[in-house]
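The values are calculated or read from the model by the stated rules, or taken from the named source; none is laboratory data. Just so it is clear, the model here is predicted, and its values are computed rather than measured. Because the Cβ atoms are built from the backbone with ideal geometry, glycine has one as well, and the counts that use them run over all protein chains shown. The protein model used for the area step is the full one, side chains on, heavy atoms only, and it has no ligands, DNA or RNA in it. Shrake-Rupley method; radii C 1.70, N 1.55, O 1.52, S 1.80 Å.
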Amino acid sequence: MRILLIEDTPDIAFAISMRLEDEGYGVTVAHDGTEGEALAMAGGHDLVILDINLPRKDGFAVLRSIRDSGVSQPVIVITARNQVADKVGLLDLGADDYLVKPFDLSELVARIRAVARRHLGAAQPVLRLGTMSIDLASRAVMVAGKPLDLGRREFDVLETLASRAGHTVTKDKLVLKLFGYEDTGTPNAIELLVSRVRRKLEGSDLEIITHRGIGYMLRQRSEGAVGEG
């Protein structure tokens, strides 16, 4: 998914774009409303994240303009305003969702996924790797045509690794994804969950590789390959 981020505060734009790129999204950043509006009009993006307090042209005007021009891509608004009238106004102008600052980046990622699912309509996203398919809507996993029985957090581990298949996912990212800021979320808990998922994938064409001191990578097995412990 290609995302247009319209945000003028450099540190916020950097934090959001880094997190979204880490999730596998392509991100284009615009630093004012006029530039952002032009990029939105030009197309080439699947979703727009729009700040309200922008230089040159505020988010309300940008949203009104792109909707009046027929741009249909979903828009998530991020705003420091918490007034009901402002929220209603944004939705009436065509925003698909909004987040009030400050917000957790994990919540933004979840909102992006939810809005994307709604925008796709009946089509539900499915991750596929080798003989495995992961239905993100029903949280069901099939491997070689057979269901894979996973606990809630085991599923979250597998989904996170599958969404970044072929790339290393750090332990810290897994802790944040699965536990947020709960005290129960530790690297040891992640090791245990990964070990359980690894055992359940035995005999399949998939393997979880440990990059010691860094994290884990899900990949298809190559003939003769030996997974690290």
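Can you give me the Rg/Rh ratio for the stretch 17-86, using Cα atoms for both radii and the Kirkwood formula for Rh? Don't skip to the answer; put the middle values down first.
Numbers: Rg = 12.3 Å, Rh = 12.7 Å.
Over the Cα atoms of the stretch 17-86, Rg/Rh equals 0.96.
Pairing the Cα long axis of helix 84-93 with the longest principal axis of the chain, what angle in degrees results, from 0 to 90 and rounded to the nearest 10? For 84-93 against the chain, the angle is about 90 degrees.
Within the straight-line cut-off of under 30 Å between alpha carbons, the lysines reachable from residue 101 are 57, 87, 171, 173, 177, sequence neighbours fewer than 8 places apart in one chain being disregarded.
Between 0 and 90 degrees, the angle of helix 105-120 with respect to the longest Cα principal axis of the chain falls at about 80 degrees.
Taking each pair of different alpha-carbon atoms in the stretch 1-132 once, compute 1/r for the pair, average those values, and report the inverse of that mean as the Kirkwood hydrodynamic radius in Å to one decimal. Let's see the in-between values first.
Values: mean 1/r = 0.0665 Å⁻¹.
That comes to 15.0 Å for the stretch 1-132.
Dipole of the chain computed with +1 at Lys/Arg Cβ and -1 at Asp/Glu Cβ about the Cα centre; of 43, 176, 69, farthest Cα towards the positive end is 176. Pair-distance distribution of the chain: all C-alpha pairs, bin width 10 Å, starting at 0; shares per bin in whole percent are 7, 29, 29, 21, 12, 2, 0.
Helix 59-68 versus the longest principal axis of the chain: what is the Cα-based angle in degrees, 0 to 90, to the nearest 10? Helix 59-68 sits roughly 90 degrees off the main axis of the chain.
Backbone amide hydrogens, once placed in the peptide plane, bring residue 3 within less than 5 Å of 26, 27, 28, 46, excluding anything fewer than 5 places away on its chain. Springs between alpha-carbon pairs under 10 angstrom, Gaussian network model over the chain: which of 213, 130, 151 fluctuates most? So, out of 213, 130, 151, the one fluctuating most is 213. For the chain, the solvent-accessible area with a 1.4 angstrom probe is 50 square angstrom per residue. Here's the list of aspartates and glutamates a cross-link from residue 200 could span, going by alpha-carbon distance under 19 Å and ignoring same-chain residues fewer than 8 apart: 135, 149, 154, 156, 159, 191, 228.
Percent of accessible area on the chain owned by carbon and sulfur, 1.4 Å probe? Exposed carbon and sulfur together represent 51 percent of the surface.
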